[in-house]
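Here is the structure we will look at.
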Amino acid sequence: MPASLARAGAAPGSIDALVALVTPDMKRVNELILSRTGSDVLMIPEVANHLISSGGKRLRPMVTLATAGHFGYGGDGHIRLAASVEFMHSATLLHDDVVDDSDMRRGKPAARLVWGNQASVLVGDFLLGQAFKMMVEAGSLECLAILSNAAAVIAEGEVMQLAAAKDLETERETYLKVINAKTAALFAAAAEVGPVIAGASDAERAAFRDFGEYLGLAFQLVDDALDYGGSAGALGKNVGDDFREGKITLPVITAYQAGDAEEKAFWKRCIEEGAIADGDLEHAIVLLGRHGALKATVDEALAYGARAKASLAPLADTPLKAALIEVVDFSIARAH
């Protein structure tokens, strides 16, 4: 891994504690997920299970389970909400891979390569429909409002990203709005519906909502750095996909704005015109290193991680709270 990422100073972290604490509930969530991918239309479970059973960490539904468990919730509404969150996330991935022409997802061929774009989009729609059915079954109109709002915001974020694609004049603030919508919104909703179903106070649910938002921002910033400084194993997709797809991410914005005329011409040729030649990705990584763009991106992730942890400070100390704090460190430590 490039030294620019290795020097970024992210603390080591793990999701092991969280996994251990929510294992019984996650077993129920996984059983529910498998049951809700069933259909007489054989292609639906084939496509859905290709993605859902491909080894994702299930971090978002675990956050929902943990935030409900923090308050000692004893019902089963959080199981349906957690499964809904995972279905929303899976639907987004299926749709994203079509929009981005991606070839790999979670270390496997993207569903669109196996079954085609049309099937991927339609099965994504099926998963969204199942997600909303489970939200209704959870019996909380407030949770339904939170997750349905998140679904709309995520779609807005994807369209914002599409509008900004290949535009090197995109400002940092626009980029942050995009990742807040396309990534942080679901993390925030996943973290908030747990306290809501558990009957927590407005202040407590707001604390977890803020935690989820800042965690999501940190998570996406690290992903965007890893696209230039990571490995396919860490990303679950091909390194350099963002570069080849002309995505405007913080590393690119930082290097482009700091570059001289020759460097700007390079970025315009590769990102805006899509005229990428052999060796261009490697040269892009050199330019990112020259201007400290990867380190700056991970430093930004560290700042949001600190805000995520601070959001939980007013809440009672529990093993689940401690495990969620470790998740922040894990999300950023992926940059190593």
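The values are calculated or read from the model by the stated rules, or taken from the named source; none is laboratory data. As the structure is a computational prediction, the values presented were derived from the model and not from experiment. Counting neighbours? That spans all protein chains shown, and the Cβs are built from the backbone with ideal geometry, glycine included. Accessible surface is based on the protein model in full, side chains and every heavy atom, while ligands, DNA and RNA are left aside. Shrake-Rupley method; radii C 1.70, N 1.55, O 1.52, S 1.80 Å.
Considering each residue of region 57-75 in turn, at least one proves to be polar (S, T, N, Q), at pLDDT 95 or above and in contact with a His (Cβ under 9 Å, 6 or more places away or on another chain). Taking the numbered list (1) within 26 Å of the chain's Cα centre (by Cα); (2) open to solvent by 40 Å² or more (accessible area, probe 1.4 Å); (3) in contact (Cβ under 8 Å) with a residue 40 or more places away in the chain in turn, LEU324 passes all entries but (2). Looking at region 114-154, which of the residues that are outside any helix (DSSP H, G or I) and open to solvent by less than 50 Å² (accessible area, probe 1.4 Å) is farthest from VAL193 (Cα to Cα)? The qualifying residue farthest from VAL193 (Cα to Cα) is GLY116.
ALA207 fulfils the conditions (1) under 18 Å from HIS89 (Cβ atoms); (2) touching a Ser or Thr at 6+ places or on another chain (Cβ under 7 Å) except for a single criterion, (1). Exactly one residue out of LEU34, LEU51, LEU81 is assigned to a helix (DSSP H, G or I) and farther than 28 Å from LEU141 by Cα: that is LEU51. Condition check for LEU176 on (1) farther than 19 Å from ARG307 by Cα; (2) surrounded by fewer than 21 Cβ atoms within 10 Å (Cβ to Cβ); (3) of a type in the set (A, V, I, L, M): one failure, at (1). Looking only at region 41-82, which residues are among the hydrophobic types (A, V, I, L, M, F, W, C) and over 18 Å from ARG209 (Cα atoms)? Listed by number, the residues that qualify are VAL41, LEU42, MET43, ILE44, VAL47, ALA48, LEU51, ILE52, ILE79.
Here are some residues: ALA306, ALA275, ALA265. Which one is under 24 Å from ALA164 (Cβ atoms), free of Cβ contacts under 8 Å to residues at least 24 places away in the same chain and part of a helix (DSSP H, G or I)? Just a single option satisfies the conditions, and that option is ALA265.
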